[in-house]
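Enquirer: Handing you this structure, nothing more for now.
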Amino acid sequence: MRPSELVEDDRVHRDVYLSEQVFALERERFFANTWSFLGHASQVPNAGDFVTEEIAGRPLVMVRQPDRSIRVLYNRCAHKGTQLVTDASGNVGNYFRCPYHAWTYKLDGAPMGVPLKAGYDGTRLAACESGRGMAPVRHLGVHRDFVFVKLGDGGLGFAEYFGEALRSIDNLVDRSPLGKLEVAGGVLRNVIRCNWKMYLENINDTVHPMSTHQSAIDAATALWKGRGADEPKPMAMEQILPFGSGYDFYDRMGGRVQPNGHSVLGTNFSIHSGYAQPPGYAEALRDAHGPQRAAEVLERSPQNAILFPSLAVKGSPQSIRVVRPLAADRTLVEAWSLRVVGGPELLFERTMAYNRLVFSPMSVVAHDDVHLFESIQRGLAADGNEWVSLHRGFDRAELEGGGARDVNGTNELLMRNQFRAWARFMEAGA
Amino acid sequence: MTAAAATRAVDAALERELADVVVAEAALLDAGRYDEWLALFADDGRYWVPLFGAAQADPVAQQSLACEDKLLLALRVARLQNPRAHSQHPPSRCQHVLQRPVVEATGDAGHRLRTPFLYVEARGDHELMLSGTCRHHLVRIDGAWKIREKRVDLLQPGRPLPALQLFI
């Protein structure tokens, strides 16, 4: 089956999650055609600072240049393929030097020197790829310090690809009176034995918390029983109790699907709306951004915004999740914490606490999610039904137009929209 | 017997008593006796698994896999005992393999012990082994030993991990 045949208007074939061939094609085409989140400029403050990452099986290094710009290079020596750097982060100094045969490269990847230069006289080296230095990732997009890459020449340009979805990053960044965030505190890393699209789909699933997370919600409710409604809650209770808010709450929170698979869930309110503002914070934001923008930012705390296919963003807490496919049935999910530069420290504590409570490998909330994703990955092998239902709220009119569209919070258009984009970007040169 | 030797003898007895607390604590976890385990913690007790292992000084500015007061520990135990804890079908089981606990510091504020360990958590057809060092801060409250802090410094806590459902 072709990828487009795996995605119907209201359901998807199990092979989108199970097939090794589909996964190989995703690595070749889908990630060549779409923009993936790579990292944040605050990770590489000084010239020569680098972080290594792997996207769709490709080893990459993001490095700060002497002119303050950021470049992303393939992390392989032009000679034999050695990775130039193997730490997760660090500083290379003024140039890259291969540990194997000492070939050297400028920070932009341009070749500098090789030992025994005379040995290459009269050879084809200069005309070959091997003579051109470290290959750059040519399609690089940076929006307010969030760095994205597209690995191939197909697909759309950065601005057109994300469009309105970049406003979700603005909502996060404008939480800072200085318009500046820093990655801080360390990254929680989970490996889940399920397909990456299943995880991404669940980020837009508002119907699962009541049943999936029942044990955590029951336990929290029982522990908090008998306390007054006004009694200040410990941060963990403030964060965990709203999970059990009920179908009606999740339906009314609203969502918005955007072209190319992006979305915002919780356009009206979310489980994060009730967090108390730290004293003086709203005033500081009004002083910095003006009353209108400050209100826009503070009154909009979506459950999740997705910058398809690799990034899920919350505004409050300042938490992002990065989704990295490892195999058809294995996905890396990272939870990063962002510090609001110039903002109250309480915001950072809240972000760290939320990530720990909900996205840690030891999270009591995530355990049931992870179990169910892994259960689905196995369950789909069953005979009798090769399809996954995405029928809820389907309306033929949603197939027209192609622009952004507002929906109720439990509408599975939030997932259909991802798969429609997926099928399109799975086509060669989409 | 000289005075100095008598002090050493008392210290050795105390050291063994403290080590017994650490060993018994792990045995309660391995047996799934969570209510008794929870009762070992002082009211202001903390269970802490720092994301940066032994290198981590700060539980606030740096992230942790878990950093839980008694309320959150009680939440974790209550959830594990809930039949709707889907991820416990089938249930997880664990095995702590401890090296001899050694008293690192002792004083009026309690005693600090260091215990290298291997930890195995198994569920269904998966089994995960972790290694590291536990650091217990034990205090005497109303005639009983209580845990003020159990800190678990894993060898490689920052690597991608599958779900860790029980207590290391």
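Enquirer: Let me spell it out: the conditions are (1) over 28 Å from residue A:221 (Cβ atoms); (2) surrounded by fewer than 19 Cβ atoms within 10 Å (Cβ to Cβ), and residue A:297 meets all of them except one. Which number is the exception?
Expert: With respect to (1) over 28 Å from residue A:221 (Cβ atoms); (2) surrounded by fewer than 19 Cβ atoms within 10 Å (Cβ to Cβ), residue A:297 is out only on (2).
Enquirer: Return the pair list, or none, for Cβ contacts closer than 6 Å from residues in segment A:173-195 that are at positive phi to residues that are crowded, with 19+ Cβ neighbours inside 10 Å, at least 6 apart or on different chains.
Expert: What qualifies is A:179/A:173; A:185/A:337; A:185/A:352; A:185/B:63; A:186/B:51; A:186/B:63.
Enquirer: Which condition number in (1) within 14 Å of chain B (Cβ to nearest Cβ); (2) crowded, with 21+ Cβ neighbours inside 10 Å; (3) of a type in the set (A, V, I, L, M) is the one that residue A:210 fails?
Expert: (2)
Enquirer: If residue B:109 satisfies every condition in (1) exposed (fewer than 15 other Cβ atoms within 10 Å of the Cβ); (2) closer than 25 Å to residue A:332 by Cβ; (3) of a type in the set (A, V, I, L, M, F, W, C) but one, which is the exception?
Expert: (2)
Enquirer: Can you name the condition, by its number, that residue A:324 falls short on among (1) farther than 27 Å from residue A:55 by Cα; (2) more than 8 Å from every other protein chain (Cβ to nearest Cβ)?
Expert: So residue A:324 meets the others, but not (1).
Enquirer: Then there's this: Going by what's in this entry, would residue B:135 be described as under 24 Å from residue A:375 (Cβ atoms), among the charged types (D, E, K, R) and surrounded by fewer than 21 Cβ atoms within 10 Å (Cβ to Cβ)? I'd like the intermediate steps shown before the answer.
Expert: Working: under 24 Å from residue A:375 (Cβ atoms): no; among the charged types (D, E, K, R): yes; surrounded by fewer than 21 Cβ atoms within 10 Å (Cβ to Cβ): yes.
Answer is no for this residue.
Enquirer: Identify the residue in segment A:221-255 that is over 23 Å from residue A:278 (Cβ atoms), under 29 Å from the mean Cα position of the chain (by Cα) and among the small types (Gly, Ala, Ser) and, among all such residues, is nearest to the other protein chains (Cβ to nearest Cβ).
Expert: The residue in question is A:244.
Enquirer: Something else now. Considering A:160, A:231, A:164, which residue is in a loop (DSSP other than H, G, I, E, B), surrounded by fewer than 19 Cβ atoms within 10 Å (Cβ to Cβ) and not aromatic (Phe, Trp, Tyr)?
Expert: A:231
Enquirer: Right, here's the next one. Output the residue which, of all residues in segment A:337-358 that are in contact with a helix residue (DSSP H, G or I) (Cβ under 8 Å, 6 or more places away or on another chain) and at the interface with chain B (Cβ under 10 Å from one of its Cβ atoms), is nearest to residue A:305 (Cα to Cα).
Expert: Only one residue tops the list, namely A:337.
Enquirer: Continuing with this model, one more query. Restricting attention to segment B:119-150, report how many residues are closer than 14 Å to residue B:50 by Cβ, away from every other protein chain (no Cβ under 14 Å) and in contact with a His (Cβ under 8 Å, 6 or more places away or on another chain). Break it down into steps so the answer makes sense when it comes.
Expert: Just the residues of segment B:119-150 that are closer than 14 Å to residue B:50 by Cβ, to begin with: B:130, B:132-135, B:149-150.
Okay, now just the ones that are also away from every other protein chain (no Cβ under 14 Å), so B:133-135, B:149.
Restricting the remaining residues to those that are in contact with a His (Cβ under 8 Å, 6 or more places away or on another chain) gives B:149.
Residues in segment B:119-150 being closer than 14 Å to residue B:50 by Cβ, away from every other protein chain (no Cβ under 14 Å) and in contact with a His (Cβ under 8 Å, 6 or more places away or on another chain): 1 in total.
Enquirer: Just the residues that are part of a helix (DSSP H, G or I) and within 7 Å of another protein chain (Cβ to nearest Cβ), please, taken from segment B:45-81. Before the answer, list the steps.
Expert: Residues of segment B:45-81 that are part of a helix (DSSP H, G or I), as a first pass: B:53-55, B:70-80.
Listed by number, the residues that qualify are B:71, B:72, B:74, B:75, B:76, B:78, B:79.
Enquirer: Looking only at strands (runs of 3 or more DSSP E) that lie completely in segment A:256-345, which have at least 1 residues being more than 18 Å from the chain's Cα centre (by Cα)? Don't jump to the end; show me each part of the working.
Expert: On the way: elements: A:263-265, A:304-307, A:311-313, A:319-327, A:330-340.
Of the strands (runs of 3 or more DSSP E) lying wholly inside segment A:256-345, those with at least 1 residues that are more than 18 Å from the chain's Cα centre (by Cα) span A:330-340.
Enquirer: Among residues belonging to segment A:359-418 that are away from chain B (no Cβ under 14 Å) and of a type in the set (Asp, Glu), point out the one that is farthest from residue B:72 (Cα to Cα). Let's see the steps before the verdict.
Expert: Keep residues of segment A:359-418 that are away from chain B (no Cβ under 14 Å), which gives A:380-418.
In the following step, the residues that additionally are of a type in the set (Asp, Glu) were identified as A:383, A:386, A:395, A:398, A:400, A:406, A:412.
Details: A:383: 42, A:386: 41, A:395: 44, A:398: 44, A:400: 49, A:406: 38, A:412: 34 Å.
Ranking the qualifying residues of segment A:359-418, first place goes to A:400.
Enquirer: Could you check residue A:272 against (1) surrounded by fewer than 22 Cβ atoms within 10 Å (Cβ to Cβ); (2) farther than 18 Å from residue A:358 by Cα; (3) more than 12 Å from every other protein chain (Cβ to nearest Cβ) and say which number it fails?
Expert: Only one criterion is unmet by residue A:272, namely (2).
Enquirer: Name the residue, out of B:117, B:167, that is buried (at least 19 other Cβ atoms within 10 Å of the Cβ) and under 29 Å from residue A:351 (Cβ atoms).
Expert: Details: B:117 fails: under 29 Å from residue A:351 (Cβ atoms).
Unique residue meeting the criteria: B:167.
Each value in this text was obtained by applying a stated rule to the coordinates, not by laboratory testing. From a predicted model like this one, the values you see are computed outputs, not experimental measurements. With ideal geometry, Cβ positions are generated from the backbone for all residues, glycine too; neighbour counts draw on all protein chains shown.
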